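First comes the structure, then the notes that go with it.
The values are calculated or read from the model by the stated rules, or taken from the named source; none is laboratory data. Computed from a predicted structure; not experimentally measured. Virtual Cβ from ideal backbone geometry, glycine too; neighbours counted across all protein chains shown. Surface accessibility is based on the protein's heavy atoms, side chains included, excluding ligands, DNA and RNA. Shrake-Rupley method; radii C 1.70, N 1.55, O 1.52, S 1.80 Å.
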Amino acid sequence: MIQFYQHNSPFQLELGGELPALRIAYHTYGTLNENRDNVVWVCHALTANSDVQDWWPHTVESGKFLDPAEHFVICANILGSPYGTTAPLHENPATGKPYYKDFPPYTIRDIVNAHRVLADALGIGHIDTLVGCSVGGFQAIEWAVMEPDRFTRLALMATDAIATPWTIAIDETQRMCIEADKTFGEPRPDAGRKGLAAARAIGLLSYRGYYGYNITQQDTEELPAIHRAASYQQYQGEKLCRRFDAYSYYAILNAFDTHDVGRRRGGMNKALSTIKAKTIVIGLTTDIVFPPKEMKDLCDKIPGAVYGEIQSPFGHDGFLVEYDQLNDLLKPFMKK
């Protein structure tokens, strides 16, 4: 069940803005033990929410690496997301109306600072394992550098220590789609919806890639009225529009591009060298967003880190699909 924490003090943002107050949505699974040493914190990706069971199949289950009988699992919805945490469609206290396009710009570090606010409010000090995939990995890397003594273990999947030109280009292409929708900027929740659908369709190309599409979207008849791959793109765009809004998506893409763990820390290598957590870095063989080479380079920069790889034709989304391989890698890693 979703829970909320209300932080009624001003929340300062790295780029100079401020939120007068901050609401954070979160989910927990399992029970915090007497020693308070069984906490696993999951950082979610771009359009996911704090309900890990909703978007990560067969992970928060008995015998899996997020077993609620063994761990106290917590996931907080990220800043700017439409799933409960303060976001563009929430009321701006200064105007009494939703922020919409005036939501203050924020960074990955701001998202992590919101996590820290929640952890402290819940009395969670040391965290046994910090888990992050994709944009969730951005958060996990940032947090592990920000507070190296807070974590025993760090599990990173399909992610990086910096937003590369390649990933920024993917994001900019999606922003261009949203900006091309003439309704974007209008003060209403459904503004930019067609642009959001197009942006999502483009994003999916990078998430699934050549092999994933060719396996799942082959036509079943000759000369169909609409190709299966075409209807899939349209469906996925429309599907996101039913659960997300263009203002939140645009804001999160902007935050994504700020990611650089080495900023004001003497560079990436120096920042990563401060991580103390026992770390596993997991790549996916066909991921074109964060290719295996990038993941191996990340692993080499974190002291004592080990590398694991998932064999999957489903590209970046493989971490959502190949849960058996993921459990095989992470269950031994998380054993005390």
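Condition check: in a strand (DSSP E or B) and hydrophobic (A, V, I, L, M, F, W, C). Does VAL73 satisfy that?
yes
Return the total of residues in the stretch 33-56 being of a type in the set (Gly, Ala, Ser) and open to solvent by less than 10 Å² (accessible area, probe 1.4 Å).
1
On the given criteria, is ASP54 in contact (Cβ under 8 Å) with a residue 12 or more places away in the chain and not in a strand (DSSP E or B)?
Answer is no for this residue.
Can you list residue pairs whose Cβ atoms sit under 7 Å apart, with the first residue in the stretch 323-336 being of a type in the set (Lys, Arg) and the second being surrounded by 17 or more Cβ atoms within 10 Å (Cβ to Cβ)? Count only pairs 6 or more apart in sequence or on different chains.
Qualifying pairs under 7 Å: LYS331/PHE65.
Looking at (1) more than 14 Å from the chain's Cα centre (by Cα); (2) buried (at least 16 other Cβ atoms within 10 Å of the Cβ), can you tell me which one ALA158 breaks?
Looking at each condition in turn, ALA158 falls short on (1).
Given (1) part of a helix (DSSP H, G or I); (2) surrounded by 21 or more Cβ atoms within 10 Å (Cβ to Cβ), identify the lone condition not met by LEU205.
So LEU205 meets the others, but not (2).
Please determine whether any residue of the stretch 125-139 is more than 24 Å from GLY16 (Cα to Cα), open to solvent by less than 20 Å² (accessible area, probe 1.4 Å), among the acidic types (Asp, Glu) and modelled with pLDDT of 95 or more.
Taking every residue of the stretch 125-139 in turn, at least one turns out to be more than 24 Å from GLY16 (Cα to Cα), open to solvent by less than 20 Å² (accessible area, probe 1.4 Å), among the acidic types (Asp, Glu) and modelled with pLDDT of 95 or more.
Going through THR159, THR152, THR167 one at a time, which residue ends up being in contact (Cβ under 8 Å) with a residue 12 or more places away in the chain, in contact with a Lys or Arg (Cβ under 7 Å, 6 or more places away or on another chain) and either β-branched (Val, Ile, Thr) or under 18 Å from MET268 (Cα atoms) (or both)?
Criteria check complete, one pass: THR152.
Here is a check on your reading of the model: is GLU142 farther than 27 Å from CYS299 by Cβ and charged (D, E, K, R)?
The answer is no for GLU142.
Within the stretch 164-188, take every residue that is open to solvent by less than 30 Å² (accessible area, probe 1.4 Å) and β-branched (Val, Ile, Thr) and give me the one that is farthest from ALA87 (Cα to Cα).
The extreme case among them is THR164.
Do we find a residue being outside any helix (DSSP H, G or I) and under 22 Å from HIS259 (Cβ atoms) anywhere in the stretch 31-42?
Yes: one or more hits.
Of the residues ALA140, ALA144, ALA114, ALA87, only one is in a loop (DSSP other than H, G, I, E, B) and either among the hydrophobic types (A, V, I, L, M, F, W, C) or touching a His at 6+ places or on another chain (Cβ under 6 Å) (or both); which?
None of the other options fit; the residue is ALA87.
So which residues in the stretch 189-201 are open to solvent by 60 Å² or more (accessible area, probe 1.4 Å) and in a loop (DSSP other than H, G, I, E, B)?
Residues satisfying the conditions are PRO189, ASP190.
Evaluate the stretch 96-112: report whether one residue or more is under 22 Å from ALA246 (Cα atoms), among the acidic types (Asp, Glu), modelled with pLDDT of 95 or more and open to solvent by 40 Å² or more (accessible area, probe 1.4 Å).
Yes, because at least one residue in the stretch 96-112 is under 22 Å from ALA246 (Cα atoms), among the acidic types (Asp, Glu), modelled with pLDDT of 95 or more and open to solvent by 40 Å² or more (accessible area, probe 1.4 Å).
Any idea which residue in the stretch 208-222 is farthest from TYR100 (Cα to Cα), counting only those that are touching a Gly at 6+ places or on another chain (Cβ under 9 Å) and open to solvent by 40 Å² or more (accessible area, probe 1.4 Å)?
Selected residue: TYR211.
Looking at this structure, is GLU221 at pLDDT below 95 and either in a helix (DSSP H, G or I) or more than 16 Å from the chain's Cα centre (by Cα) (or both)?
Criteria met by GLU221.
Listed here are the residues, each with its yes/no results for (1) touching a residue at least 60 places away in the same chain (Cβ under 8 Å); (2) out of contact with any Lys or Arg (no Cβ under 6 Å at 6 or more places or on another chain); (3) farther than 12 Å from ALA76 by Cα.
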residue: GLN3; (1), (2), (3): no, yes, no
residue: HIS7; (1), (2), (3): yes, yes, yes
residue: GLY17; (1), (2), (3): yes, yes, yes
residue: ALA21; (1), (2), (3): yes, yes, yes
residue: ASN35; (1), (2), (3): no, yes, yes
residue: TRP41; (1), (2), (3): yes, yes, no
residue: THR47; (1), (2), (3): yes, yes, yes
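Among residues belonging to the stretch 62-95 that are surrounded by fewer than 19 Cβ atoms within 10 Å (Cβ to Cβ) and hydrophobic (A, V, I, L, M, F, W, C), point out the one that is farthest from PHE11 (Cα to Cα).
ALA69
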